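The values are calculated or read from the model by the stated rules, or taken from the named source; none is laboratory data. These numbers were taken from a predicted model, which means no experiment stands behind them. Glycine also receives a Cβ, built like all others from the backbone with ideal geometry; neighbour counts cover every protein chain displayed.
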Amino acid sequence: MSKNKSKNSVVEWIDYRLPIFTFLNHELNEYPTPKNLNYFWNFGSLAGITLVVMIITGIVLSMNYTAHVDYAFDSVERIMRDVNHGWLLRYIHMNGASFFFIVVYIHIFRGLYYGSYKAPREILWILGVLILLLMMATAFMGYVLPWGQMSFWGATVITNLFSAVPLVGESIVTWLWGGFSVDNPTLNRFFSLHYLLPFLIVGLVILHLVALHRFGSNNPIGIDAKGKQDTIPFHPYYTIKDLFGLSVFATIFAAAVFFFPNFMGHPDNYIPANAMQTPAHIVPEWYFLPFYAILRAIPDKLGGVLFMFGAIAVLFILPWLDKSPIRSSQFRPIYKLFFWILVFDCILLGYLGAKPAEGIYVLLSRVATGYYFFHFIILLPLLPNIEKTRPLPISISEPILSSSSFSTAAAVREKK
Amino acid sequence: MCKNITFKIYFFVIFLCLGKTCLAASTDIEYPSQDWSFSGIFGTFDKASAQRGFQVYREVCSGCHGMKLLSYRHLSGLGYNNEELKALSAQFEITDGPNDDGESFVRPGRPSDTFVSPYPNEQAARAANGGAYPPDLSLIVKARADGANYLHALLSGYKEAPKDFNVPEGMYYNTYYPGKLIGMPQPIYEDGVEYADGTKASELQMSKDVTTFLAWASEPEMENRKRLGVTVISFLIVFSILAYFSMKQIWAPIKKKV
Ligand code: HEM
């Protein structure tokens, strides 16, 4: 507090009683950050900003949206046609959901590549996976709101999954729907929850940041900062870098919103929901496709559901599955290779999720699903036994070392 | 190092785009691509063509298809002025009510009225069309993959059915309709309308015009959107460049030490 002697006496008066300025100064200004972060460390702040954008556009959309099966579709079209700049709001919100997932997926794979989930950041990681789950629930229910064909049939297919639960499945589905099919009560509760969940996400994000600031950011070489020479204050170095990242992100995002607003959407969602007419292919939004592929890969309905949720569940226990003490892939040649195979596997699953479940696609889905679980459950625990890792540098500020000091550094590391 | 990563992101994005193109291409039939005035980043609607297209809609399609998301006043987007819109909407009969006696009554249309639908409800529409339902056309171009090209192909896709192809009563053979049997008789014939501006009403011309009109109806905000987009993106690019050099300057002492 003493360091933050403000010249403004009002600020000082308040800060003495409520140390909010000290807090902000500590967490956003002088907060020591490793000096070697690369651009992959931009995606956290991008995700936070996207969340805020989603909440603001969402609140304004809600002022013009009608959650009723007879009016929902037309109310969204009224937003598009008659509300001042309504099309802009709606396209920002619609594409914002996709970009939110792009950013968060990159953020997650960054964590996988640099071992950011390892001790002492396990809770930080788990909070992140919880955020992902809530985002998925939010996006799923948001997609139902415009009440197009894909809204309706997507909701029908996904809620129906719960009928796979033994004994009480059917009752659960009826309870979720608030009736005997996806209908007005379903739409209303989805709207209510779609409004609520983002604020729960905000709460989790705050906890995520508290956990982050406990030990600070991980970094590309994955060794802890050893002192002042390894870190720099967050402001101005990372504020300006995040601002630059944000402006590039905003440029790409704007290109999508203004020039290709429906690129990531499905044309069928511009057809009003019709319970009497099933679309030829029911496909979820692209960000669910890998999970959808896993769901369909398993011949048994309950099994499919379990594996689909299992794909996220393994992420929760990942910090204990990966037994290697080395964080960054830079020093784990074999892990690095398998990391890229996993990336490819996930993209392949996404591709398969968009394909009809027939012929070669089924077989491929099974192989890709099997590989996904193999990576986490078998490979990661066993890898440290066979992998010869590269020697670690002594510290962040001395990454380049002669070969002799390499081995001493590694030895020091090993002893810990 | 950073460069390496930038490249990786770059390839990743390209990869995703390619993936999306493959997905789209493999699931849909290809339609012959037309040269639309409204395609591309700087594309705008050819207003004369869209006005002719509105005439085709009004004189041909509106016999079976409604466009309930549009009001007559929206047509100002095609370049009609207020007087023209008042005169135009007054040509339609609107059932309004109830009046003070509790009765419905018919009055001339106003610009604020939505387009009059040809049928009171879906059942009536089906009954009049041999069981097939002529969908509302307000969003048709957005509601089909590659909408404009599809629509144009569909309208000009009526061909003689192959000999071994059985065409049931009330169905028509169309090479571009999924399943090739459509419940809509060929709507467009040469000189089916007499264009107010004297353009020769060939089948191709009519089909292009009505497609342009329907593309406008699906995305009336498109021209504004693209125009605003150019401004916003130009600003963001300049801003990114400024942010980049500020970043370089702020980081210079740190980079030197490393
Ligand atoms: C985690 C953040 C959020 C995500 C991922 C998200 C996602 C979505 C998605 C995918 C849609 C469907 C868009 C479409 O296809 O038209 C949607 C619609 C909608 N959302 Fe959100 N949303 C978020 C936050 C919010 C918030 C905080 C609100 C309200 C306060 C909100 C209100 C709405 C409304 C009213 C719609 C219907 C209008 C429309 O479909 O465009 N959203 N949301």
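Taking the criterion of being surrounded by 21 or more Cβ atoms within 10 Å (Cβ to Cβ) and farther than 21 Å from A:Glu27 by Cβ, would at least one residue in segment A:161-182 satisfy it?
yes
Which of the residues belonging to segment B:159-173 are modelled with pLDDT under 95 and over 16 Å from B:Tyr133 (Cβ atoms)?
B:Lys159, B:Glu160, B:Ala161, B:Pro162, B:Lys163, B:Asp164, B:Phe165, B:Asn166, B:Val167, B:Pro168, B:Glu169
Going through segment A:214-234 one residue at a time, which ones are part of a helix (DSSP H, G or I) and surrounded by 15 or more Cβ atoms within 10 Å (Cβ to Cβ)?
Scanning segment A:214-234 gives A:Asp230, A:Phe234.
Here are some conditions: (1) within 27 Å of the chain's Cα centre (by Cα); (2) more than 14 Å from chain A (Cβ to nearest Cβ). B:Val167 meets all but one. Which one does it not meet?
(1) is the only condition that B:Val167 fails.
Considering (1) at pLDDT 95 or above; (2) under 18 Å from the mean Cα position of the chain (by Cα), say which one B:Ser156 fails and leave the rest.
With (1) at pLDDT 95 or above; (2) under 18 Å from the mean Cα position of the chain (by Cα) applied to B:Ser156, the lone miss is (1).
Here is a list: B:Tyr244, B:Tyr176. Which entry is out of contact with any Gly (no Cβ under 7 Å at 6 or more places or on another chain) and outside any strand (DSSP E or B)?
Matching residue, one of B:Tyr244, B:Tyr176: B:Tyr244.
Out of B:Lys226, B:Lys208, report the one residue that is within 8 Å of chain A (Cβ to nearest Cβ), of a type in the set (D, E, K, R) and in a helix (DSSP H, G or I).
Values: B:Lys208 fails: within 8 Å of chain A (Cβ to nearest Cβ).
Selected residue: B:Lys226, the only one of B:Lys226, B:Lys208 that is within 8 Å of chain A (Cβ to nearest Cβ), of a type in the set (D, E, K, R) and in a helix (DSSP H, G or I).
Is there a residue being modelled with pLDDT of 95 or more, within 14 Å of the ligand (Cβ to nearest atom) and more than 14 Å from chain B (Cβ to nearest Cβ) anywhere in segment A:170-177?
Looking through segment A:170-177, none of the residues is modelled with pLDDT of 95 or more, within 14 Å of the ligand (Cβ to nearest atom) and more than 14 Å from chain B (Cβ to nearest Cβ).
Which residues, counting only those in segment A:96-131, are buried (at least 22 other Cβ atoms within 10 Å of the Cβ) and of a type in the set (S, T, N, Q)?
A:Ser116, the sole residue that qualifies.
Got at least one residue in segment A:64-86 being among the polar types (S, T, N, Q), more than 14 Å from every other protein chain (Cβ to nearest Cβ), near the ligand (Cβ under 9 Å from one of its atoms) and over 21 Å from A:Gly203 (Cα atoms)? Spell out the reasoning first.
As a first pass, look at segment A:64-86 and keep what is among the polar types (S, T, N, Q): A:64, A:66, A:75, A:84.
Then keep just the ones that are more than 14 Å from every other protein chain (Cβ to nearest Cβ); that gives A:64, A:66.
So of that shortlist, the ones also near the ligand (Cβ under 9 Å from one of its atoms) come out as A:64.
Now restrict to residues that are over 21 Å from A:Gly203 (Cα atoms): A:64.
Scanning segment A:64-86, I find at least one residue that is among the polar types (S, T, N, Q), more than 14 Å from every other protein chain (Cβ to nearest Cβ), near the ligand (Cβ under 9 Å from one of its atoms) and over 21 Å from A:Gly203 (Cα atoms), so the answer is yes.
A:Thr33 is checked against (1) more than 8 Å from the ligand (Cβ to nearest atom); (2) outside any loop (DSSP other than H, G, I, E, B); (3) among the hydroxyl-bearing types (Ser, Thr, Tyr); (4) away from every other protein chain (no Cβ under 14 Å) and fails just one. What number does that condition carry?
In the conditions (1) more than 8 Å from the ligand (Cβ to nearest atom); (2) outside any loop (DSSP other than H, G, I, E, B); (3) among the hydroxyl-bearing types (Ser, Thr, Tyr); (4) away from every other protein chain (no Cβ under 14 Å), A:Thr33 misses (4) alone.
Which pairs have Cβ atoms under 8 Å, sit 6 or more apart or on different chains, and link a residue in segment A:59-70 that is assigned by TED's automatic domain parsing to the domain that holds A:Arg81 to one that is part of a loop (DSSP other than H, G, I, E, B) and near the ligand (Cβ under 8 Å from one of its atoms)?
Within 8 Å, the pairs are A:Tyr65/A:Leu145; A:Ala67/A:Leu145.
Just checking, does segment A:136-151 include any residue being over 22 Å from A:Tyr71 (Cα atoms), within 21 Å of the chain's Cα centre (by Cα) and either modelled with pLDDT of 95 or more or within 12 Å of the ligand (Cβ to nearest atom) (or both)?
yes
With near the ligand (Cβ under 9 Å from one of its atoms) and under 16 Å from the mean Cα position of the chain (by Cα) as the only criterion, which of A:Thr50, A:Thr57 stands out? Steps first, please.
Values: A:Thr57 fails: under 16 Å from the mean Cα position of the chain (by Cα).
None of the other options fit; the residue is A:Thr50.
If I ask for residues that are buried (at least 19 other Cβ atoms within 10 Å of the Cβ) and among the β-branched types (Val, Ile, Thr), which ones from segment B:194-225 would you list?
B:Val210, B:Thr211, B:Thr212
Residue-wise test of (1) closer than 20 Å to A:Phe40 by Cβ; (2) within 16 Å of the ligand (Cβ to nearest atom); (3) not assigned by TED's automatic domain parsing to the domain that holds A:Leu37.
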position: A:Pro233; (1), (2), (3): no, no, no
position: A:Ile240; (1), (2), (3): yes, no, no
position: A:Phe244; (1), (2), (3): yes, no, no
position: A:Ser247; (1), (2), (3): yes, no, no
position: A:Ala254; (1), (2), (3): no, no, no
position: A:Pro261; (1), (2), (3): no, yes, no
position: A:Pro267; (1), (2), (3): no, yes, no
position: A:Ala273; (1), (2), (3): no, yes, no
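Out of curiosity, is A:Ala311 touching a helix residue (DSSP H, G or I) at 6+ places or on another chain (Cβ under 7 Å), in contact (Cβ under 8 Å) with a residue 60 or more places away in the chain, closer than 18 Å to A:Val157 by Cα and of a type in the set (Gly, Ala, Ser)?
So A:Ala311 does not fit the description; no.
With the structure loaded, tell me whether B:Arg144 is surrounded by fewer than 16 Cβ atoms within 10 Å (Cβ to Cβ) and under 30 Å from A:Asp268 (Cα atoms) or whether it fails that test.
no
May I ask you to list the residues in segment B:229-258 that are more than 7 Å from chain A (Cβ to nearest Cβ), among the aromatic types (Phe, Trp, Tyr) and surrounded by 13 or more Cβ atoms within 10 Å (Cβ to Cβ)?
The answer is B:Phe235, and nothing else.
Can you work out which of the residues in segment A:257-296 that are facing chain B (nearest Cβ under 10 Å) and within 21 Å of the chain's Cα centre (by Cα) is farthest from B:Leu236 (Cα to Cα)?
Going through the qualifying residues, I end up with A:Val283.
Of the residues B:Phe38, B:Phe45, B:Phe7, which is among the aromatic types (Phe, Trp, Tyr) and modelled with pLDDT under 90?
B:Phe7
Out of curiosity, is A:Ile201 surrounded by 15 or more Cβ atoms within 10 Å (Cβ to Cβ), aliphatic (A, V, I, L, M) and within 16 Å of the ligand (Cβ to nearest atom)?
So A:Ile201 passes the test.
I need a count of the residues in segment A:36-53 that are surrounded by fewer than 17 Cβ atoms within 10 Å (Cβ to Cβ) and assigned to a loop (DSSP other than H, G, I, E, B).
Residues that pass the stated criteria total 1.
Out of segment A:253-271, which residues are in a helix (DSSP H, G or I) and hydrophobic (A, V, I, L, M, F, W, C)?
The answer is A:Phe253, A:Ala254, A:Ala255, A:Ala256, A:Val257, A:Phe258, A:Phe259.
Within segment A:118-126, does at least one residue satisfy the condition of being within 9 Å of the ligand (Cβ to nearest atom) and either within 13 Å of chain B (Cβ to nearest Cβ) or out of contact with any Lys or Arg (no Cβ under 9 Å at 6 or more places or on another chain) (or both)?
no
Return yes when A:Val129 is outside the structural domain of A:Ala254 (by TED's automatic domain parsing), among the β-branched types (Val, Ile, Thr) and more than 11 Å from the ligand (Cβ to nearest atom) and no when it is not.
No, not satisfied.
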